[in-house]
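The values are calculated or read from the model by the stated rules, or taken from the named source; none is laboratory data. Owing to the predicted nature of the structure, the values given are computational and were not obtained by experimental measurement. Methodologically, a virtual Cβ is constructed for each residue, glycine included, from the backbone with ideal geometry; neighbour enumeration extends over all protein chains shown.
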Amino acid sequence: MNGNSPIISINSVSKTFPGGVQALDNVDLEICEGEFFALLGPSGCGKTTLLRILAGFEIPSTGDVFIDGKNMHRVVPNRRPVNMVFQSYAVFPHMTVADNVAYGLKVSGAERREIPGRVQDALDLVQLGEYGQRRPGQLSGGQVQRVALARALVKKPRVLLLDEPLSALDAQLRETMQLELVRLQQTVGITFVIVTHDQNEALSMADRIAVMDQGKVLQVARPGELYEFPRDRFVAEFIGKTNLFEGTNVGWEAGILSLLVNGLGRVELPCAEHLNHDVGLAVRPEKMLLLDERPDHGYLAFEAQVEKIAYYGSESRVFLATNRGLALEVSIRNDTRAAADEQISGLRWVAWRPEDTLILPD
Amino acid sequence: MDSWRKNPLIFWVFAVPPAAWLLLFFLTPLALIWVFSFGEKSGLIDIHITWTADNYMRALDPLYLQIFLKSFWFAGVTTAVCLIVGFVVAIAITFAPGRQRPILLLLVMLPFWTNLLIRTYALIAILRTKGSVNAALEHFWDWGNGLLALLGVEHLQLLGAQFEPLHLLYNNFAVVVGLVYVHLPFMVLPLYAALDRMDRSYIEASLDLGAGQLRTFRSVVIPMAAPAIVSGVIITFVPALGSFLTPDLLGGTDSQMIANVIERQFKSANDWPFGAALSFILMYVTFFAIALRSVWSARRDAREALA
């Protein structure tokens, strides 16, 4: 889906609210046609402001937004080729489900005879075909969300904007709806832009993710790339679990970077770039092995004391400390049933391949 | 809240004084007036309770029916004007910047802190022949004439030979102006409360779906504010219907309302039974309006919140 022409171009957009709060700081972003794009970040990072700028509810202080090749400057929300699913869904309580879905068609002067058919198609699409005459008050939270989806999709927008669409649902329903949204997006082929603070949601649904913090876009990448090759410390820590170390640079020679890591000692890593400053190191817990014996060469290995084990069913997280007091977290797969009874304790070797260490320039 | 059963003493300590107060100073006089409405006047001050319906029959006389109708007309026009003006004011306050909102609300409520009589006299000072409105108009008239003189056409007397003040006081117009002025806060406050509570995303969703501002107002804001509109209409209409000071001070000979007639029965005409009957007719009408509202809202609730 990548490589298509951009349907949304955000060029140097900044937004400062009255009172001086800067919500967006010089954001550049391109979203491609037919893409499932996620804006991910902690609350207050500016992702919702960016979505509301796309919908036309906020006006950028500086910068331009192009949708489908047209500059959206001074284009009011009701004239934009986008529709939005609100966090609170905003399904009109005084209308039936069918009237809610028909509303957008009626107000924009669709052919009157076509409306009932299109409404029914949209309701069928979200599997609410039988619910047209119900009132929103008679539906469950998940069903109301489907109404909000049908109401936005029936207008065949160029882009569908979704503001934290799953945050109001319980955990079980949320997972079902994640799959459902992906299926829906593939069926209708419309570009989806979703705002979320939940990394699992973004990783499992999106084609590409933009990670935001304090009004800036830190990294835009495919989910796998984002997880395995985070560009900086914030992204590495925000996406998934990670062991972060501080390394003091003691020299680079012939593609090998030598570092002194507090609590680990000397570490040598392959590094193509000639670095002469201190760096951060990140290792994902599942890249680490927990061994009884020191492994052969080819691994970085350190002895550590098991302190605590957290059992999560499919995996367990083992928390250890090196004899110099550095905390490590290793995740092990419980890939046999016997693993449930396995006792892990005492001194163990924590090992990982040097190439699984991520070097984060400070 | 249901623990009063466990501690009946506290319940009675708190419940008895207000209940006694209501019984003594509200229900008892009301019951007395109700009984009077079935009585006959004998002599100067005596009232014989004969359980006659004559007082009610007399109220249906065309003379009084006309005054009832006129009262309804005044109250209806007042409510309609209040609804339109009140909606504009309530929307303005709702969308005003956060820090200005309490100040604007205070300005709406401020007249309440002044005695009705003083406010009405202030209106007289504004509306009378030599009042503020006419003074301002006369000023404009002079100014316009000066302009004409500059153009050298003052001899044509385009604005009339001399200033004719508008007759704004002692007529039906003045009564409606006065009633609107007095009752506007009753309309603004419930409307503001409803608009303030309303989730902005409903309005944004309507805009997002392609509706313009007016369509959004008509199809989303008004239906969702309907309960507040009904409340505002009732709490404006009911006291407006029973007004007597405003028509008394601002109205002309033909702008008296039913409350003026009632007042006269109790005072100058000294006919308490008839005044009592008129009072109770007014009260039954009010009950009817409130009952209508309950039926409406019960049906609305049943329709919307079945789940």
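Among the numbered conditions (1) touching a strand residue (DSSP E or B) at 6+ places or on another chain (Cβ under 9 Å); (2) not in a helix (DSSP H, G or I), tell me where residue B:160 comes up short.
Unmet condition: (1).
Quick check: anything in segment A:211-225 assigned to a loop (DSSP other than H, G, I, E, B), in contact with a strand residue (DSSP E or B) (Cβ under 9 Å, 6 or more places away or on another chain), of a type in the set (Gly, Ala, Ser) and touching a residue at least 12 places away in the same chain (Cβ under 8 Å)?
yes
Do we have any residue at all in segment B:177-200 that's exposed (fewer than 15 other Cβ atoms within 10 Å of the Cβ), away from chain A (no Cβ under 14 Å) and either at pLDDT below 95 or not in a loop (DSSP other than H, G, I, E, B) (or both)?
Yes: one or more hits.
Go through (1) surrounded by fewer than 24 Cβ atoms within 10 Å (Cβ to Cβ); (2) not in a strand (DSSP E or B) one by one and return the number of the condition residue A:66 breaks.
(2)
Need the failing condition index for residue B:51 against (1) surrounded by 11 or more Cβ atoms within 10 Å (Cβ to Cβ); (2) in contact (Cβ under 8 Å) with a residue 12 or more places away in the chain, just the number.
That leaves (1) as the condition not met.
Among the residues of segment A:149-168, is there at least one that is under 22 Å from residue A:39 (Cα atoms), away from every other protein chain (no Cβ under 14 Å) and of a type in the set (A, V, I, L, M)?
Checking segment A:149-168: at least one residue is under 22 Å from residue A:39 (Cα atoms), away from every other protein chain (no Cβ under 14 Å) and of a type in the set (A, V, I, L, M).
From the list B:230, B:261, B:220, which residue is within 30 Å of residue A:154 (Cβ to Cβ) and touching a helix residue (DSSP H, G or I) at 6+ places or on another chain (Cβ under 8 Å)?
None of the others qualify; the one that does is B:220.
Does any residue of segment B:84-95 turn out to be crowded, with 17+ Cβ neighbours inside 10 Å and among the small types (Gly, Ala, Ser)?
Yes.
Considering only residues that are free of Cβ contacts under 8 Å to residues at least 40 places away in the same chain and surrounded by 13 or more Cβ atoms within 10 Å (Cβ to Cβ), look in segment B:276-306 and name the one that is farthest from residue B:66 (Cα to Cα).
Filtering first and then ranking leaves B:304.
So if I check each of A:269, A:290, A:281, A:264, which one is touching a strand residue (DSSP E or B) at 6+ places or on another chain (Cβ under 8 Å), surrounded by 15 or more Cβ atoms within 10 Å (Cβ to Cβ), outside the structural domain of residue A:46 (by TED's automatic domain parsing) and under 30 Å from residue A:341 (Cα atoms)?
A:290
Can you pull out every residue in segment A:135-151 that is farther than 15 Å from residue A:99 by Cβ and either touching a Phe, Trp or Tyr at 6+ places or on another chain (Cβ under 7 Å) or part of a helix (DSSP H, G or I) (or both)?
Within segment A:135-151, A:141, A:142, A:143, A:145, A:146, A:149 qualify.
Here is a list: B:214, B:278, B:207. Which entry is away from chain A (no Cβ under 14 Å), part of a helix (DSSP H, G or I) and of a type in the set (A, V, I, L, M)? If you could, list the steps in order and put the result at the bottom.
Numbers: B:214 fails: away from chain A (no Cβ under 14 Å); B:207 fails: away from chain A (no Cβ under 14 Å).
Just one listed residue meets the conditions, B:278.
Please work out which residue is farthest from the chain's Cα centre (by Cα), limiting yourself to segment A:81-134 and to residues that are more than 22 Å from residue B:226 (Cβ to Cβ), among the polar types (S, T, N, Q) and more than 9 Å from chain B (Cβ to nearest Cβ).
A:120
Can you pull out the residues in segment A:36-63 that are in contact with a Pro (Cβ under 9 Å, 6 or more places away or on another chain) and assigned to a loop (DSSP other than H, G, I, E, B)?
Correct list: A:56, A:57.
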